[in-house]
Amino acid sequence: MSFKDQIGFVRQHIRRNRLRVFMTVLAATMGTAFLIVLASVGFGLQKTIKDDILSNQMVTQIEVYSEDMTDAKTDAMKEIDHVEAVVHRKQPVPVVMGEVEGHTGSMNTHFTNFGDEQASGFKLAEGRFPENQGEVIVGSKFAQQLVDESVETAEDEEPAYYEGELIGKTVNLSFSEAEDGAETVPLTIVGIKEEPGKDWAFDGYLYVDQSLIGEMETAYAATSADLPEEEDMPFTSSQVNVYADDLANVKAITQTLKNDGYSVYSVSEEIEQIDVFFLALKAGLIFVGTIAILIASIGIFNTMTMAVTERTREIGVMKALGAGPKLIQRLFLMESAWIGIVGTVIAVVISYGVSFAANAILPIVVDAALGGETGDSFDVTFSVIPWQLVLIASAISLTVAMISGWRPARKATKTDVIGALRHEL
């Protein structure tokens with residue numbers, strides 16, 4: 001029997017029992033679609049969490065912690081393979097006060113190297129980078145740290161923040177212990193840093209070239225000469241960020257820094273932990289979905305068993321004409337495979353439709369249920385169907401379909417020719 005004749009044999013039976021085959025295909029479709037949609041929730045939540053993490057920070061940034069960080073150590077970090085930049089920021093331990101045109105406030109100050117900052121991706125919204133001694137850059141929310149204390153405001157009113165132009169203005173730095181007339185350090189604002197990616201992120205920092213540390217320390221020493229001395233208290237504390245040239249190299253650089261004895265944090269470690277958790281979650285969801293396919297396999301088994309019973313006489317005729325057991329077995333396996341393939345294809349189409357609808361409708365439903373309080377910040381992907389999930393679900397579905405049809409197919413090969421020819425339905 002040619003392959004074309006085998007296809008015709010299978011098609012003839014399917015046409016003869018349309019309703020039963022349709023219900024069997026429907027069961028296989030529902031089982032496979034349930035597996036894909038259920039597992040897609042795990043993929044969707046994983047994507048949502050990872051995207052949120054990656055949008056909140058620079059993915060190639062590695063935070064390095066050490067109690068005795070020095071410039072020599074940070075210079076050594078620059079020699080590590082695939083390190084693009086190392087930014088060593090130093091924050092003054094004493095409280096720094098700033099004044100701009102009568103507006104004062106506590107300054108969150110960073111001493112840094114602007115060359116390293118530019119290499120790490122530091123960008124300006126206005127102005128330029130410092131080129132001369134005494135020039136500084138301020139954060140996008142710097143003005144909100146400057147308040148005119150002479151202006152009285154009610155308790156429910158906003159303080160009198162500085163609202164003028166910052167570029168070109170002089171900010172006079174002193175220390176909280178300083179009295180009127182104490183030594184100050186005048187600095188000129190020449191640039192404003194680009195706003196952070198998130199609306200809630202507040203950047204009110206003052207970025208000062210590290211060459212001014214000595215001048216600031218001298219001013220602090222003159223201010224605090226009459227104050228009790230703090231034993232072993234350094235003037236600055238360190239914050240070091242290492243930047244890789246690519247996300248793929250972050251893990252290797254992180255491990256190198258750990259081997260050198262540093263305490264390290266990078267987004268790759270957080271993502272790795274998330275991936276491990278969701279791998280277990282997705283495996284569990286796929287397992288639950290597989291149970292649905294196994295339930296659907298009962299329908300395939302019943303359909304194929306009935307097919308063998310109904311075609312006992314046909315099987316006897318085929319055997320009498322010389323058809324071997326392998327051919328007969330192949331015919332029934334082809335039928336069960338057809339049910340599995342059609343059910344899988346329809347299930348994949350339905351799953352993508354359900355996934356698209358869930359991602360379009362559920363955010364609106366959740367937002368309405370919460371009274372519209374989520375706003376634009378509510379960005380959740382409920383379902384994602386990667387091609388790997390489609391392959392896994394298809395493999396499970398087809399395997400179960402073939403296994404379900406194997407036992408009836410084996411039964412067909414053992415049909416007695418004489419008994420089959422005498423069989424009447």
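Give the ranking of His110, His82 by solvent-accessible surface, highest area first, calculated with a 1.4 Å probe. Mind dumping the intermediate values first?
Values: His110 5, His82 100 Å².
Solvent-accessible surface, decreasing: His82, His110.
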Solvent accessible area, Å² - Val59, 1.4 Å probe, full protein context
40
Below 29 Å, Cα to Cα, which lysines can Lys326 reach? Residues fewer than 8 away in the same chain don't count.
Lys4, Lys411, Lys414
Could you sort Tyr220, Tyr207, Tyr352 by accessible area so the largest value comes first, with the probe set to 1.4 Å?
Tyr352, Tyr220, Tyr207
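If you take every residue apart from Val384 with its C-beta less than 12 Å away from the C-beta of Val384, what net charge results, scoring Lys and Arg +1 and Asp and Glu -1? Write out the running numbers ahead of the final one.
Values: positive: Lys47, Lys50, Lys282; negative: Asp51.
Cβ neighbours under 12 Å give a net charge of +2.
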Formal net charge of residues neighbouring Leu187 (Cβ-Cβ distance under 13 Å; K, R +1; D, E -1)
-3
Radius 9 Å from Cβ of Pro159, net charge of other residues (Lys, Arg +1; Asp, Glu -1)
-4
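Give the residue list of chymotrypsin sites (Phe, Trp or Tyr not before Pro) in the range 250-295 that are DSSP loop and have at most 12 other beta-carbon atoms within 10 angstrom. List each step's numbers first, then the result.
Working: sites: Tyr262, Tyr265, Phe277, Phe278, Phe287; in loops: Tyr262.
Listed in order of number, the matching sites amount to none.
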Taking R0 as 45 Å, what FRET efficiency do you get between Leu26 and Glu126 from their Cβ-Cβ distance, rounded to the nearest 0.05?
0.10
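For Lys326, Lys123, what's the largest-to-smallest order of accessible area, 1.4 Å probe?
Values: Lys326 165, Lys123 120 Å².
The residues order as Lys326, Lys123, largest area first.
The values are calculated or read from the model by the stated rules, or taken from the named source; none is laboratory data. Everything numeric here is computed off the predicted structure, so don't read it as measured data. Cβ atoms come from the backbone with ideal geometry, glycine included; neighbour counts cover every protein chain shown. Ligands, DNA and RNA are excluded from the accessible area calculation, which covers all protein heavy atoms including side chains. Shrake-Rupley method; radii C 1.70, N 1.55, O 1.52, S 1.80 Å.
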